[in-house]
Amino acid sequence: MRLRNWIAVVVSVLLLVAVGIVGVVVNRSALRAADTVHRADSQALAVNNATLAGQMQLLSAKELSEFAQTRTFDLGAGHAGDLRALEAYVRKSAQFPYGAAITGLDGTVLNATRTNPLPDPSDPGYQVMRGLLLSGKPGFSSLMSVYDGSGHKVAVEAVAVPIRVGGAVAAVLVGFNKLADTTLQAYTARLKSDAHRTIVIDSAGAALFASEASLIGTKINPAVVAAAKANPAGSTFVEYRSGKTDMIAIVVTGDVLPGGWAYVRIQTMASFDGAVHSRSQTINVTLLAMLLIGAVGISILGYRTQVQRRRADEKFQALFQHAPDMVAVLDADGRVAYSSPSAASVLHFPAGSLQGSSVFELVHPEDRQRMMSAFERLLGERNGVLRLQTRILNSTGKATWFEFTASNQMHNPALTGIVINARDVSENRAFQERLAHEAQHDALTGLPNRRRMQDALSSSLRQESVGVLFVDLDGFKPVNDAYGHEAGDELLRQVAERLSACVRANDVLSRVGGDEFVVLMPGITDRSDADAMSERVRLCVERPFLVLGNEVTIGASVGVHLAGAADDPDQALRAADHAMYAVKHRGGGRAAAIPEQRDPIHVGRHRADD
């Protein structure tokens with residue numbers, strides 16, 4: 001009997017050992033899969049944020065470049081006209097309200113605003129900026145510091161673009177901004193979290209922008225700087241110790257950020273690993289305890305096994321119960337084998353209703369075929385990882401943009417499926433679309449800008465003839481001088497509204513600079529139609545405006561050109577501009593219209609020549 005009992009005990013212990021070994025292996029496999037998805041998702045988010053930061057910097061360089069292209073500078077040392085132009089630009093600029101300067105190609109300052117102190121020309125931060133300029137790119141400095149009138153240290157960044165004269169680079173236009181007051185700093189501050197810190201550093205490891213403003217100008221850990229230099233293009237993880245704390249940082253470098261900068265997200269290893277590792281260790285300890293319990297017999301083994309399985313399920317459910325991201329496991333046919341509770345709550349479906357349904361039924365019809373093709377490709381790649389964005393329909397049929405990270409774990413016995421991690425990126429998508437809209441529209445009036453208009457003109461002329469009306473406001477400058485720039489801006493907005501109501505539905509109305517507008521009339525073949533529209537525009541503008549409580553009256557000189565299909569777009573715009581100048585020299589819009597000039601009269605300098 002004792003022998004039988006010992007045999008039972010030994011069998012129980014052996015069974016528990018076998019179960020314990022299997023449990024540890026499964027637990028480690030699931031942990032590796034979760035770590036893979038978590039790291040890939042964190043890395044993709046960091047690259048996305050770094051790309052947005054780089055786009056913001058390029059937008060600031062674009063604003064500076066447009067000023068350099070639309071302004072003719074004397075480039076003489078201390079020239080008063082150039083100084084006035086710089087001061088006027090700084091007052092209006094959304095990107096460089098701190099200051100601006102013009103320098104020679106050797107770095108000598110020719111002119112500079114004096115409202116705020118600017119970095120000394122010998123500051124090492126200019127070296128990176130000049131290197132980028134020499135490579136044909138906009139120049140971005142590393143961190144520079146100045147002291148204001150109160151003796152406080154101010155962190156400053158410089159952005160530079162070339163000034164060209166006759167096609168050759170003659171000087172450099174430099175814009176300065178206070179890092180703490182920039183749009184990029186405001187965006188980085190929005191990424192603030194108790195779990196991590198977000199920092200954009202220069203090539204020397206100094207913080208330019210940070211989720212905590214107090215970190216601007218400070219140096220970050222040398223291990224992070226070394227990782228950024230060792231991996232000049234791409235993204236990587238770096239683990240290091242800060243005092244007695246284990247830390248981890250995601251470092252993104254390369255062309256997404258200018259000037260050798262790097263995007264860094266830093267947090268403790270404990271917060272990065274989260275509850276997954278903690279609960280994994282708990283499970284391992286529990287399995288070891290179960291090995292000791294095996295001595296009491298096969299009955300206790302069965303009981304403890306059932307209890308352990310139930311606890312493991314409860315822990316797994318608790319792990320994803322309140323997670324903001326959706327986690328799911330799909331079978332080979334794309335049906336939901338498992339979905340986290342958050343998946344149903346985010347999409348407003350009843351709990352458990354997604355189980356067994358096809359994930360492609362939730363995809364927007366326009367994206368469905370693309371998702372099915374991507375799913376088929378992923379099934380053919382062992383350990384493959386796929387990242388993409390698509391629209392998902394909730395229970396009411398409303399579409400929301402989600403970013404998916406899919407990992408092929410069909411060979412993994414713990415999962416045997418495609419592991420999906422998805423998060424709502426609709427706000428990021430909206431932000432990117434807004435950036436794209438602002439790049440092609442005038443900020444004051446909301447009308448298409450010169451670039452958008454030129455694209456539309458080029459596209460139309462490839463198919464049909466286009467009537468081009470170049471409109472210049474008569475009497476705008478006296479209004480601006482009499483009532484101020486705020487009144488001038490309001491007048492321009494009202495003119496834009498009137499002209500929008502005046503043109504046809506398929507016409508393109510754009511503001512191309514200052515008080516100049518262009519109307520494109522696709523499909524016009526009869527000159528009389530264009531002349532009629534010109535008259536409508538002139539009469540529309542001549543009606544009195546109420547600006548800030550003052551009634552003002554202006555006029556409009558309208559140049560008309562009928563461009564045939566396949567005509568050169570720049571030549572068409574130039575011809576309309578010259579026709580407008582001819583009208584203006586005849587007394588403006590109120591004078592009698594004159595015929596179109598087939599041999600353009602070269603009056604002034606056309607903006608398309610800049």
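The values are calculated or read from the model by the stated rules, or taken from the named source; none is laboratory data. Just so we're clear, the structure is a prediction, and the values are computed from it rather than from any experiment. Note: ideal-geometry Cβ built from the backbone for every residue, glycine included; neighbour counts use all protein chains shown. Keep in mind that these areas ignore ligands, DNA and RNA; they rest on the heavy atoms of the full protein, side chains included. Shrake-Rupley method; radii C 1.70, N 1.55, O 1.52, S 1.80 Å.
Taking ASN408, is it among the polar types (S, T, N, Q) and either loosely packed, with under 13 Cβ neighbours inside 10 Å or at pLDDT 85 or above (or both)?
On the way: among the polar types (S, T, N, Q): yes; either loosely packed, with under 13 Cβ neighbours inside 10 Å or at pLDDT 85 or above (or both): yes.
Against the criterion (among the polar types (S, T, N, Q) and either loosely packed, with under 13 Cβ neighbours inside 10 Å or at pLDDT 85 or above (or both)), ASN408 qualifies.
The requirement of being in contact (Cβ under 8 Å) with a residue 40 or more places away in the chain, under 27 Å from ALA439 (Cβ atoms) and among the charged types (D, E, K, R) is satisfied by GLU516. When THR268, THR245 are checked against the criterion of being open to solvent by 50 Å² or more (accessible area, probe 1.4 Å) and more than 25 Å from the chain's Cα centre (by Cα), THR245 stands alone in meeting it. Would you confirm whether or not segment 105-125 contains a residue that is closer than 19 Å to LEU208 by Cα and under 25 Å from the mean Cα position of the chain (by Cα)? No, the conditions are met nowhere in segment 105-125.
In the set (1) open to solvent by 60 Å² or more (accessible area, probe 1.4 Å); (2) under 30 Å from VAL552 (Cα atoms), the condition left unmet by PRO413 is number (2). Taken as a whole, the structure places VAL252 among residues that are closer than 30 Å to GLU66 by Cα, at pLDDT 90 or above and not in a helix (DSSP H, G or I).
If the condition is being surrounded by fewer than 18 Cβ atoms within 10 Å (Cβ to Cβ) and out of contact with any strand residue (DSSP E or B) (no Cβ under 7 Å at 6 or more places or on another chain), then segment 485-498 contributes HIS485, GLU486, ASP489, ARG493, GLU497, ARG498.
Tell me whether segment 256-264 contains one or more residues that are touching a helix residue (DSSP H, G or I) at 6+ places or on another chain (Cβ under 7 Å), modelled with pLDDT of 70 or more, under 30 Å from ASN231 (Cβ atoms) and open to solvent by 30 Å² or more (accessible area, probe 1.4 Å). Looking for residues that are touching a helix residue (DSSP H, G or I) at 6+ places or on another chain (Cβ under 7 Å), modelled with pLDDT of 70 or more, under 30 Å from ASN231 (Cβ atoms) and open to solvent by 30 Å² or more (accessible area, probe 1.4 Å), one finds at least one in segment 256-264, hence yes. Can you find even one residue in segment 276-283 that is in contact with a strand residue (DSSP E or B) (Cβ under 7 Å, 6 or more places away or on another chain) and either in contact (Cβ under 8 Å) with a residue 60 or more places away in the chain or surrounded by fewer than 20 Cβ atoms within 10 Å (Cβ to Cβ) (or both)? No: segment 276-283 contains no residue that is in contact with a strand residue (DSSP E or B) (Cβ under 7 Å, 6 or more places away or on another chain) and either in contact (Cβ under 8 Å) with a residue 60 or more places away in the chain or surrounded by fewer than 20 Cβ atoms within 10 Å (Cβ to Cβ) (or both).
Could you please let me know if ALA53 is touching a Phe, Trp or Tyr at 6+ places or on another chain (Cβ under 7 Å), touching a residue at least 40 places away in the same chain (Cβ under 8 Å) and part of a helix (DSSP H, G or I)? Taking the combined requirement at face value, the residue satisfies it. In segment 419-434, the residue that is farthest from ARG493 (Cα to Cα) out of those that are among the aliphatic types (A, V, I, L, M) and surrounded by 13 or more Cβ atoms within 10 Å (Cβ to Cβ) is VAL419. If you filter segment 200-228 down to residues that are of a type in the set (D, E, K, R) and under 24 Å from the mean Cα position of the chain (by Cα), you find that the one that is most open to solvent (accessible area, probe 1.4 Å) is GLU212.
Could you check how many residues of segment 145-172 are among the small types (Gly, Ala, Ser) and under 22 Å from ASP202 (Cβ atoms)?
Looking only at segment 145-172, we keep the residues that are among the small types (Gly, Ala, Ser), and these are 145, 149-151, 155, 158, 160, 166-168, 170-171.
Right, trim to under 22 Å from ASP202 (Cβ atoms) and you get 145, 155, 158, 160.
Here the count works out to 4.
Every listed requirement among (1) among the hydrophobic types (A, V, I, L, M, F, W, C); (2) touching a strand residue (DSSP E or B) at 6+ places or on another chain (Cβ under 9 Å); (3) modelled with pLDDT of 90 or more is met by ALA186 save one, (2). Each residue in segment 118-134 was checked for being more than 10 Å from MET144 (Cβ to Cβ) and acidic (Asp, Glu), and 0 of them qualify.
Mind listing whichever residues of segment 561-574 are open to solvent by 10 Å² or more (accessible area, probe 1.4 Å) and touching a Gly at 6+ places or on another chain (Cβ under 8 Å)?
Those that are open to solvent by 10 Å² or more (accessible area, probe 1.4 Å) and touching a Gly at 6+ places or on another chain (Cβ under 8 Å): HIS561, LEU562.
Taken over segment 380-405, the criterion of being open to solvent by 40 Å² or more (accessible area, probe 1.4 Å), within 25 Å of the chain's Cα centre (by Cα) and without any contact (Cβ under 8 Å) to a residue 60 or more places away in the chain is satisfied by LEU386, GLN389, ARG391, LYS398, ALA399, TRP401. In the set ALA501, ALA608, ALA592, only one residue is open to solvent by 60 Å² or more (accessible area, probe 1.4 Å), of a type in the set (A, V, I, L, M) and modelled with pLDDT under 90; that residue is ALA592.
Taking the residues in segment 457-484 that are open to solvent by 30 Å² or more (accessible area, probe 1.4 Å) and within 31 Å of the chain's Cα centre (by Cα) as candidates, determine which candidate is farthest from HIS561 (Cα to Cα). The qualifying residue farthest from HIS561 (Cα to Cα) is SER459. The residues of segment 436-452 that are at negative phi and touching a Lys or Arg at 6+ places or on another chain (Cβ under 9 Å), listed by number, are ALA439, GLN440, HIS441, ASP442, LEU444, THR445, LEU447, PRO448, ASN449, ARG450. Taking segment 388-415 as the range and being more than 20 Å from SER29 (Cα to Cα) and out of contact with any Phe, Trp or Tyr (no Cβ under 7 Å at 6 or more places or on another chain) as the test, the residues that pass are LEU393, ASN394, THR396, GLY397, LYS398, ALA399, THR400, TRP401, PHE402, GLU403, PHE404. Here is the figure for segment 502-529: residues that are over 33 Å from the mean Cα position of the chain (by Cα) and not polar (S, T, N, Q) total 10.
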